[in-house]
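These notes concern the structure reproduced below.
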Amino acid sequence: GSVVASYPYDDSPTHKPTGVYSKSADDEVFRYLAKAYASNHPIMRTGTPNCPGEEGETFQDGITNGAQWYDVEGGMQDYNYVWADCFEITLELSCCKYPPASELQQEWENNRDSLLAFIEKV
């Protein structure tokens, strides 16, 4: 996991594991929506989630193009965009896939304003 807003495309023509910006026709819209979420999240907006084992990983403005981060062939985000005209971003909300119940209130507080800002945009 991480703390970042990722947007299409997740797949690239070269299928290099990382580092290929795979721009969609609606790249500006996706960046706008991802930034709307990330800029309202106290950790995501820093661009430095500081996840264990990935302490050096950074994301400018708390967002990333999926394939730039890591290539995913056949992902739902890309499939829904290409075949159903559905605009989706992927929100990585925690370094931990299954946060303990004791942390859920803080996770809600971290994401509440982001979620409301995102809903206002869409």
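The values are calculated or read from the model by the stated rules, or taken from the named source; none is laboratory data. Computed from a predicted model, the values in this text were never measured in an experiment. In this analysis, Cβ positions are derived from the backbone assuming ideal geometry, glycine residues included, and neighbour counts consider all displayed protein chains. In case anyone asks, the SASA skips ligands and DNA or RNA and just uses the protein heavy atoms, side chains included. Shrake-Rupley method; radii C 1.70, N 1.55, O 1.52, S 1.80 Å.
Go over the candidates D78, D85 one by one and state the one that is in contact with a Pro (Cβ under 6 Å, 6 or more places away or on another chain) and under 23 Å from D10 (Cβ atoms).
Details: D85 fails: in contact with a Pro (Cβ under 6 Å, 6 or more places away or on another chain).
Of D78, D85, the one residue that is in contact with a Pro (Cβ under 6 Å, 6 or more places away or on another chain) and under 23 Å from D10 (Cβ atoms) is D78.
Results for (1) over 16 Å from the mean Cα position of the chain (by Cα); (2) at pLDDT 95 or above; (3) under 23 Å from A25 (Cβ atoms), shown as yes or no for each residue.
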{"position": "F59", "(1), (2), (3)": "no, yes, yes"}
{"position": "Q68", "(1), (2), (3)": "no, yes, yes"}
{"position": "D71", "(1), (2), (3)": "no, yes, yes"}
{"position": "I89", "(1), (2), (3)": "no, yes, yes"}
{"position": "Q105", "(1), (2), (3)": "yes, yes, no"}
{"position": "S114", "(1), (2), (3)": "no, yes, no"}
{"position": "F118", "(1), (2), (3)": "no, yes, yes"}
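Looking across the stretch 87-115, the residues that are part of a helix (DSSP H, G or I) and open to solvent by 60 Å² or more (accessible area, probe 1.4 Å) come down to A101, S102, E103, L104, Q105, Q106, W108, E109, R112, D113, L115.
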